[in-house]
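Student: Please read through the structure below; I'll follow up with questions.
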Amino acid sequence: DSGVTQTPKHLITATGQRVTLRCSPRSGDLSVYWYQQSLDQGLQFLIQYYNGEERAKGNILERFSAQQFPDLHSELNLSSLELGDSALYFCASSVATGGEQYFGPGTRLTVT
Amino acid sequence: GESVGLHLPTLSVQEGDNSIINCAYSNSASDYFIWYKQESGKGPQFIIDIRSNMDKRQGQRVTVLLNKTVKHLSLQIAATQPGDSAVYFCAEKRYTGRRALTFGSGTRLQVQP
């Protein structure tokens, strides 16, 4: 158990809908990263937050957004969902930006 | 269910044998390399890391070798056990700028009893 929690574990929704994925980092970790793991793209970095502020962006679509709250938990919002958004979404946390990243168990999103 | 389902190269080894998993990277500016293990239904789990100024690092039953000349990284697992069956990813990052990990495509290790 990495200490990073993610909810929900599974999510099934329809195209065009909006969902929110939640991540709680390990106690004491200030940095949160979001990754997408799909069949054809592997593990891809989406976005990073550090102590409430966005630090880096990767291959994140404009339909996706994220935030990190004062209690350091983070949410990833996915809107106007398409079939191709079906994937595993992982959150990772680290003590500081650049530190060792610990991954949560992931949320499996299925868009039908 | 399957955590990955990717069309990955598969390495099949007998229990007790040594395993060698390879990874080629492209960014010569990477400062740091990490091997992750991903079991079915779980997130990636840190195994071992190596800085770019090193060429070898050993852990418990695992050794990582880095060849910067040919941009190649390998993970050696000694006395492979059934619990080692998983998908293994190499990842790289830099110390400056974006600190996120860039993952390789992964290798599925199957340990035969």
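Student: Does any residue in the range A:89-100 that is closer than 11 Å to residue A:34 by Cβ come within less than 7 Å, Cβ to Cβ, of a residue that is charged (D, E, K, R) six or more places away or on a different chain, and which pairs are these?
Tutor: From residues that are closer than 11 Å to residue A:34 by Cβ, the pairs are A:93/A:26; A:93/A:29.
Student: On to the next question. Starting from the range A:8-33, keep only residues that are small (Gly, Ala, Ser), then list their pairs with residues that are open to solvent by 40 Å² or more (accessible area, probe 1.4 Å) and in a strand (DSSP E or B) whose Cβ atoms are within a distance under 6 Å, requiring at least 6 positions of separation or different chains.
Tutor: Matching pairs, first to second residue: A:24/A:5; A:31/A:50.
Student: Mind listing whichever residues of the range A:3-25 are surrounded by fewer than 19 Cβ atoms within 10 Å (Cβ to Cβ) and in a loop (DSSP other than H, G, I, E, B)?
Tutor: Scanning the range A:3-25 gives A:3, A:8, A:9, A:14, A:15, A:16, A:17, A:18.
Student: Separate question: Of the conditions (1) open to solvent by 60 Å² or more (accessible area, probe 1.4 Å); (2) over 13 Å from the mean Cα position of the chain (by Cα); (3) away from chain A (no Cβ under 12 Å), residue B:20 satisfies every one except a single condition; which number is it?
Tutor: If we test residue B:20 against (1) open to solvent by 60 Å² or more (accessible area, probe 1.4 Å); (2) over 13 Å from the mean Cα position of the chain (by Cα); (3) away from chain A (no Cβ under 12 Å), just (2) comes out false.
Student: While we're looking at this one, here's another question. For the condition out of contact with any Gly (no Cβ under 7 Å at 6 or more places or on another chain), open to solvent by 90 Å² or more (accessible area, probe 1.4 Å) and more than 24 Å from residue B:99 (Cβ to Cβ), what is the one hit in B:58, B:45, B:76?
Tutor: Values: B:45 fails: more than 24 Å from residue B:99 (Cβ to Cβ); B:76 fails: open to solvent by 90 Å² or more (accessible area, probe 1.4 Å).
Unique residue meeting the criteria: B:58.
Student: Among the residues in the range B:97-104, are any in a strand (DSSP E or B), under 14 Å from the mean Cα position of the chain (by Cα) and either within 14 Å of chain A (Cβ to nearest Cβ) or closer than 18 Å to residue B:22 by Cβ (or both)?
Tutor: The answer is yes, given that some residue of the range B:97-104 is in a strand (DSSP E or B), under 14 Å from the mean Cα position of the chain (by Cα) and either within 14 Å of chain A (Cβ to nearest Cβ) or closer than 18 Å to residue B:22 by Cβ (or both).
Student: Of these, B:32, B:95, which one is of a type in the set (Phe, Trp, Tyr) and surrounded by 15 or more Cβ atoms within 10 Å (Cβ to Cβ)? Talk me through it step by step, then tell me what you get.
Tutor: Values: B:95 fails: surrounded by 15 or more Cβ atoms within 10 Å (Cβ to Cβ).
Being of a type in the set (Phe, Trp, Tyr) and surrounded by 15 or more Cβ atoms within 10 Å (Cβ to Cβ) holds for just one of B:32, B:95, which is B:32.
Student: Considering each residue of the range B:37-65, count those that are over 15 Å from residue B:77 (Cα atoms) and either in contact with a helix residue (DSSP H, G or I) (Cβ under 7 Å, 6 or more places away or on another chain) or more than 11 Å from chain A (Cβ to nearest Cβ) (or both), and give that number.
Tutor: Qualifying residue count, the range B:37-65: 7.
Student: Now, a different point. Being closer than 15 Å to residue A:86 by Cα and either hydroxyl-bearing (Ser, Thr, Tyr) or open to solvent by 20 Å² or more (accessible area, probe 1.4 Å) (or both) is the filter here, so list the residues in the range A:37-70 that pass it.
Tutor: Initial filter on the range A:37-70 (closer than 15 Å to residue A:86 by Cα): A:37-44, A:46, A:60-61, A:63-64.
Result: A:38, A:39, A:40, A:41, A:44, A:60, A:61, A:63.
Yes/no per residue for (1) among the polar types (S, T, N, Q); (2) away from chain B (no Cβ under 13 Å); (3) out of contact with any Cys (no Cβ under 6 Å at 6 or more places or on another chain):
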| site | (1), (2), (3) |
| --- | --- |
| A:39 | no, no, yes |
| A:46 | no, no, yes |
| A:51 | yes, yes, yes |
| A:60 | no, no, yes |
| A:78 | no, yes, yes |
| A:84 | no, yes, yes |
| A:99 | no, no, yes |
| A:107 | yes, no, yes |
| A:112 | yes, yes, yes |
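Student: Go through (1) more than 10 Å from every other protein chain (Cβ to nearest Cβ); (2) under 21 Å from residue B:38 (Cα atoms) and name the single condition residue A:94 misses.
Tutor: The failed condition is (1).
Student: In the set A:111, A:95, A:19, which member is touching a helix residue (DSSP H, G or I) at 6+ places or on another chain (Cβ under 6 Å) and of a type outside the set (S, T, N, Q)? Before the answer, list the steps.
Tutor: Details: A:95 fails: touching a helix residue (DSSP H, G or I) at 6+ places or on another chain (Cβ under 6 Å); A:19 fails: touching a helix residue (DSSP H, G or I) at 6+ places or on another chain (Cβ under 6 Å).
Just one listed residue meets the conditions, A:111.
The values are calculated or read from the model by the stated rules, or taken from the named source; none is laboratory data. Given the structure is predicted, the values throughout are model-derived calculations rather than measurements. Glycine also receives a Cβ, built like all others from the backbone with ideal geometry; neighbour counts cover every protein chain displayed. The accessibility values were calculated without ligands, DNA or RNA, using every heavy atom of the protein model including side chains. Shrake-Rupley method; radii C 1.70, N 1.55, O 1.52, S 1.80 Å.
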